[in-house]
Amino acid sequence: MSLNLEQKKAVVAEVSAAIAGAEAAVVAEYRGLTVAQMTSLRAEARKAGVYVKVVKNTLVRRVVANTSFACLDGHLKGPLAFAASSDPVAVAKVLSEFARANDKLVIKVGAMDGALMTGEQLQALALLPSREVLLAMLMRTMQAPVAQFVRTLNEVPARFVRTLAAIRDKAQ
């Protein structure tokens, strides 16, 4: 179905707004997927905060021009779904999990911080824990030396109290 000029402008504006705060964008070929499967992908993506849309390649080229995702321009060939998110791990994870369950979805390339990422790199990114888990791991790592220092400082008076208790018990 052909879009008129106003519809094309609306689609470009919508996709531009979606990638305005995005950290990563991924392009995946959806050839052979049913409407129900695409609807399922969109539902999973929506839950994870990932924007997924099937857009004409020429319109995506207009959207990504002069952005950090401009490196995707040369890879926009064929029937592609465009996905973007402010969490790079989330977009890679949603598409990778869906591609694992549906072999017809093929992740082509992605972009993050102006650098092009291959499908293998996106698969590796999908294996990373989420941002919240990584922050929790960082905080636990940063907290460990402080907690050990407090335990060491606490050991001095505790040892003193145990020594006094031993002397008292011996005297009785």
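Overview of values
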read-out: Filtered residue count, region 15-37, keeping only those that are within 17 Å of Val91 (Cβ to Cβ), out of contact with any Pro (no Cβ under 9 Å at 6 or more places or on another chain) and either open to solvent by 50 Å² or more (accessible area, probe 1.4 Å) or without any contact (Cβ under 8 Å) to a residue 24 or more places away in the chain (or both); value: 3
read-out: Number of the exception - Ala10 against (1) part of a helix (DSSP H, G or I); (2) over 19 Å from the mean Cα position of the chain (by Cα); (3) buried (at least 17 other Cβ atoms within 10 Å of the Cβ); (4) aliphatic (A, V, I, L, M); value: (3)
read-out: Selection within region 128-146 - under 17 Å from Ala25 (Cα atoms) and without any contact (Cβ under 8 Å) to a residue 40 or more places away in the chain; value: Leu128
read-out: Residue ranges of strands (runs of 3 or more DSSP E) in region 38-134 with at least 3 members open to solvent by less than 30 Å² (accessible area, probe 1.4 Å); value: 80-85, 106-112
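The values are calculated or read from the model by the stated rules, or taken from the named source; none is laboratory data. Computed from a predicted structure; not experimentally measured. Here Cβ is always computed from backbone atoms with ideal geometry, including for glycine, and neighbour counts include all displayed protein chains. Side chains are part of the model used for accessible areas, which takes the heavy atoms of the whole protein and leaves out ligands, DNA and RNA. Shrake-Rupley method; radii C 1.70, N 1.55, O 1.52, S 1.80 Å.
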